[in-house]
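A.B. asks: One structure coming up, written as structure tokens, with questions to follow.
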Amino acid sequence: MDGNKATVAGILDIVAGVFGFVGAVPLLVLGLGGAALLTSVPDPDANRVAFLPLALFLPLAVLGFLAGLVAVVGGVSALNRRRWGLAVAGAIAAVFGFFPVGVAAVIFTILAESEFRAARQADTAAV
């Protein structure tokens, strides 16, 4: 398993990124549905707080989508053994997608730095 750490890290990044995408959908539904529900209540006090579900859940949904996107892009970078910094950023973003898988992705990405260096040296030697 000496040369497979980057592959494992990439797969874990992508899995956690997908969990981030999937987890952001209910947050978006809660924000939009809660705001719609509060605006339909005839009480004027409820209309004043109708923005609160959006203000609370929409930023969390955006964070989930962005973290998922960065995790997937970092996972692809790790699978290709290119741009170690992007792979680390993707692994850190994967922590926000699915914590246990994200922590494992960070550990494997850090341990795979030598694989990224070897791939870069092989690329420069081939040119």
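A.B. asks: Ranked from highest to lowest mean number of other Cβ atoms within 10 Å per residue, what is the order of the peptides 30-37, 85-92?
C.D. replies: 85-92, 30-37
A.B. asks: Compute the angle between helix 5-40 and the longest alpha-carbon principal axis of the chain, please, reported from 0 to 90 degrees and rounded to the nearest 10.
C.D. replies: 10 degrees
A.B. asks: For the chain, modelled as a Gaussian network with Cα springs under 10 Å, which listed residue fluctuates most, VAL25, VAL106, VAL49?
C.D. replies: Checking each option, the largest mean-square fluctuation is seen for VAL49.
A.B. asks: Based on the mean of other Cβ atoms within 10 Å per residue, sort peptides 72-79, 116-123 so the most packed one is first.
C.D. replies: 72-79, 116-123
A.B. asks: Mind sorting SER40, SER114 by how few other Cβ atoms lie within 10 Å of their own Cβ, fewest first?
C.D. replies: Starting with the residue having the fewest Cβ neighbours, the order is SER40, SER114.
A.B. asks: Okay, moving on. At 0.36 nm per residue, and after removing the present C-alpha to C-alpha distance, how many nm does the segment from PHE51 to VAL22 gain when stretched out fully?
C.D. replies: Length gained between PHE51 and VAL22: 8.1 nm.
A.B. asks: Could you tell me the relative contact order of the chain? Use alpha-carbon pairs under 8 Å, at least six residues apart, and round to a whole percent.
C.D. replies: It rounds to 36 percent for the chain.
A.B. asks: Right, another one. Under the 0.36 nm per residue contour assumption, what length would be gained going from the current alpha-carbon distance of VAL29 and LEU86 to full extension?
C.D. replies: That pair, VAL29 and LEU86, stretches by 17.5 nm at full extension.
A.B. asks: Return one number: the angle in degrees, 0 to 90 and rounded to the nearest 10, between the long axis of the Cα atoms of helix 113-126 and the longest principal axis of the Cα atoms of the chain.
C.D. replies: Value to nearest ten degrees: 60.
A.B. asks: If one computes the Cα centroid of the stretch 78-127 and of the stretch 11-35, what distance in Å separates the two points?
C.D. replies: Cα centroid of the stretch 78-127 versus Cα centroid of the stretch 11-35: 23 Å apart.
A.B. asks: Right, here's the next one. Could you list THR7, THR109, THR39, THR124 so that the one with the fewest beta carbons within 10 Å of its beta carbon is first and the one with the most is last?
C.D. replies: By the 10 Å Cβ count, ascending, the order reads THR124, THR39, THR7, THR109.
A.B. asks: Can you give the helix-only mean residue ellipticity at 222 nm for the chain, where every DSSP H stretch with n ≥ 4 adds -39500 (n - 2.57) and the sum goes over all residues, rounded to the nearest 500 deg cm²/dmol?
C.D. replies: After summing the helix terms and dividing by the residues of the chain, the value is -29500 deg cm²/dmol.
Values in this text are rule-based calculations from the coordinates and carry no lab data. Note that the structure is a prediction, hence the values are computed from the model and not measured. As a convention, Cβ positions derive from the backbone with ideal geometry for all residues, glycine included, and neighbour counts pool all protein chains shown.
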